[in-house]
Structures are given as structure tokens and as C-alpha cells.
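Asks: To start, I am sharing the structure in question, which I have written as C-alpha cells.
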């Protein structure tokens with residue numbers, strides 16, 4: 001597990017060093033609201049202290065600042081990605097409201113307890129996420145809230161039958177070969193998306209409402225993100241809920257976003 005965790009961090013270190021910008025819809029507050037709705041409204045975050053687990057190059061950090069949070073502790077374990085995070089944060093308005101922490105998800109400290117912890121598109125890449133979830137629990141104020149976005153097993157059964165054997169190859173490919181293969185899949189997916197406009201195909205809503213508004217470069221990055229990391233888990237609903245409940249969170253809720261991912265929310269008892 002430890003070796004797999006280290007390898008996956010290294011995969012993302014390389015990925016975020018190569019793909020460091022957060023342009024357009026991909027880094028927008030509108031997309032952030034689409035992710036957290038209906039479990040949280042972005043307006044609730046104004047003047048709140050927030051932790052972002054797995055900040056990468058700062059995409060979610062920028063969204064949180066735009067939502068009006070008072071402070072963000074941005075946690076990123078990969079050293080190369082962390083350097084890009086520092087560069088991108090320095091260019092943001094209100095950069096002084098961000099504290100960047102180069103640490104793994106289970107090994108960080110913050111100056112003050114947080115109102116919210118977010119981890120969007122990260123937990124599914126941690127082989128043993130329980131220590132990270134517990135660290136999140138301990139960092140929150142009583143009554144504080146947590147939000148995770150995770151890959152879903154439900155709704156992706158057909159996709160998984162296709163992607164799992166492909167990932168057995170792509171996780172071992174050098175970057176240049178992976179990019180070439182990524183382009184092929186991108187062209188196929190563009191055709192699939194076009195067909196979805198007239199046919200009731202799986203993932204139609206996601207492709208048209210979330211993926212297609214991104215720039216072509218970011219659409220390819222979304223595909224690359226599926227193919228690159230050594231470890232990735234597609235959670236079933238009960239598994240997503242148990243992640244929070246085992247750590248002590250209560251009132252846990254799950255929302256099946258666009259039929260392909262789980263958004264899970266919980267509260268630390270008062």
C-alpha cells in the first residue's frame with residue numbers, strides 16, 4: 001500500500017508539473033457550484049476557514065477564494081505540484097488568504113480549526129484513505145463540515161469494463177505514448193458526445209454539461225487524469241458514506257452527481 005501510495009503521488013507530481021494552469025470553465029466558480037450542489041451552496045462559504053486536501057496546482061483553491069472564503073489551507077504532497085501551486089497562488093487575488101502545506105493528506109497541521117474541509121477528485125487515488133479522513137475530522141471545529149467528490153461505481157459499470165483493462169496498460173506508459181493514446185480516446189469521445197446529442201447514451205448529461213464546456217486541452221486532461229495514476233478506486237455508495245461515518249462524521253449524505261460520481265457530505269458533532 002505504501003509503495004502504491006508513493007507511486008500515485010509521483011504520477012500526479014508529473015501530471016501537475018506538465019498541466020499547471022486552471023483556465024476557463026475548468027477552474028470556475030460555476031463548475032465548483034455544480035460539483036457541490038445540492039449538498040452545499042457556495043454562498044455558505046463566505047468568510048469561512050477552509051482546508052483543501054490534494055490541491056494540485058490550485059484549481060479548487062481559486063474557486064474557494066472566488067466563493068469568498070476568509071482563509072484556505074491548501075494541502076499538496078507532491079513536491080513538483082506544490083511548486084506550481086505556490087506559483088499559481090501567488091498570481092491569485094487575495095493570495096495572502098492562502099497557506100500552502102507540502103504534506104500528505106494524513107500528515108498536516110493548521111493554525112486554527114477549520115469550518116469546512118474539501119477534497120475534490122483526490123480521495124479515490126489514496127489506497128488507504130482512512131487516516132486522511134480522520135485528520136480532516138480532527139482539523140474541523142465542532143459542527144464543521146466535510147465534502148468529498150469521488151468516482152462512482154454505480155452508473156459507470158459499462159465504462160469500467162472498458163477502462164480497467166486499458167488502465168492496466170496506460171499506467172505503465174511513458175508520457176509521450178500516453179499523450180498519443182489520450183488523443184485517440186479524445187477523438188473517439190468527441191464522436192460519442194456528438195452522438196449523445198441525438199441518442200440517450202450513458203454519461204450524456206456529464207459530457208454535455210460538464211466536460212464539453214471545458215477547453216479542448218482541459219477535456220483531454222480529464223481523460224489523461226483517468227489513465228495516468230497508478231491507483232484509482234470507483235466507490236459504491238455505501239463505501240463513500242462509510243468513509244465519513246468511520247471517522248466520526250454524522251448526518252452523512254450522498255448525492256449521485258450527473259450519474260457518474262459521488263458527492264458526500266458530513267458534519268462533525270457539536
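Asks: Would you pick out the residues in the stretch 207-216 that are touching a residue at least 40 places away in the same chain (Cβ under 8 Å) and either assigned by TED's automatic domain parsing to the domain that holds residue 6 or surrounded by fewer than 19 Cβ atoms within 10 Å (Cβ to Cβ) (or both)?
Replies: 209, 213, 215
Asks: When the residues of the stretch 229-248 are filtered to those that are in contact with a helix residue (DSSP H, G or I) (Cβ under 9 Å, 6 or more places away or on another chain) and part of a loop (DSSP other than H, G, I, E, B), which remaining residue is surrounded by the fewest Cβ atoms within 10 Å (Cβ to Cβ)?
Replies: 248
Asks: Now for a different question. If residue 203 satisfies all but one of (1) more than 30 Å from residue 113 (Cα to Cα); (2) in contact (Cβ under 8 Å) with a residue 12 or more places away in the chain; (3) surrounded by 17 or more Cβ atoms within 10 Å (Cβ to Cβ); (4) in contact with a helix residue (DSSP H, G or I) (Cβ under 6 Å, 6 or more places away or on another chain), what's the number of the condition it fails?
Replies: Answer for residue 203: the failing condition is (4).
Asks: Would a scan of the stretch 178-188 turn up a residue that is within 23 Å of residue 263 (Cβ to Cβ), in contact with a helix residue (DSSP H, G or I) (Cβ under 6 Å, 6 or more places away or on another chain) and either surrounded by fewer than 20 Cβ atoms within 10 Å (Cβ to Cβ) or in contact (Cβ under 8 Å) with a residue 60 or more places away in the chain (or both)? Spell out how you get there, then give the answer.
Replies: Step one: of the stretch 178-188, the residues within 23 Å of residue 263 (Cβ to Cβ) are none.
So far as the stretch 178-188 goes, no, none of its residues is within 23 Å of residue 263 (Cβ to Cβ), in contact with a helix residue (DSSP H, G or I) (Cβ under 6 Å, 6 or more places away or on another chain) and either surrounded by fewer than 20 Cβ atoms within 10 Å (Cβ to Cβ) or in contact (Cβ under 8 Å) with a residue 60 or more places away in the chain (or both).
Asks: Quick check on this structure: which one of 41, 52, 37, 128 is surrounded by fewer than 20 Cβ atoms within 10 Å (Cβ to Cβ), closer than 24 Å to residue 233 by Cα and touching a helix residue (DSSP H, G or I) at 6+ places or on another chain (Cβ under 9 Å)?
Replies: Sole residue among the options that is surrounded by fewer than 20 Cβ atoms within 10 Å (Cβ to Cβ), closer than 24 Å to residue 233 by Cα and touching a helix residue (DSSP H, G or I) at 6+ places or on another chain (Cβ under 9 Å): 128.
Asks: Confirm whether residue 138 is out of contact with any helix residue (DSSP H, G or I) (no Cβ under 7 Å at 6 or more places or on another chain) and surrounded by fewer than 22 Cβ atoms within 10 Å (Cβ to Cβ).
Replies: Numbers: out of contact with any helix residue (DSSP H, G or I) (no Cβ under 7 Å at 6 or more places or on another chain): yes; surrounded by fewer than 22 Cβ atoms within 10 Å (Cβ to Cβ): yes.
Judged against the criteria, residue 138 is a match.
The values are calculated or read from the model by the stated rules, or taken from the named source; none is laboratory data. Source: prediction; values computed, not measured. Glycine also receives a Cβ, built like all others from the backbone with ideal geometry; neighbour counts cover every protein chain displayed.
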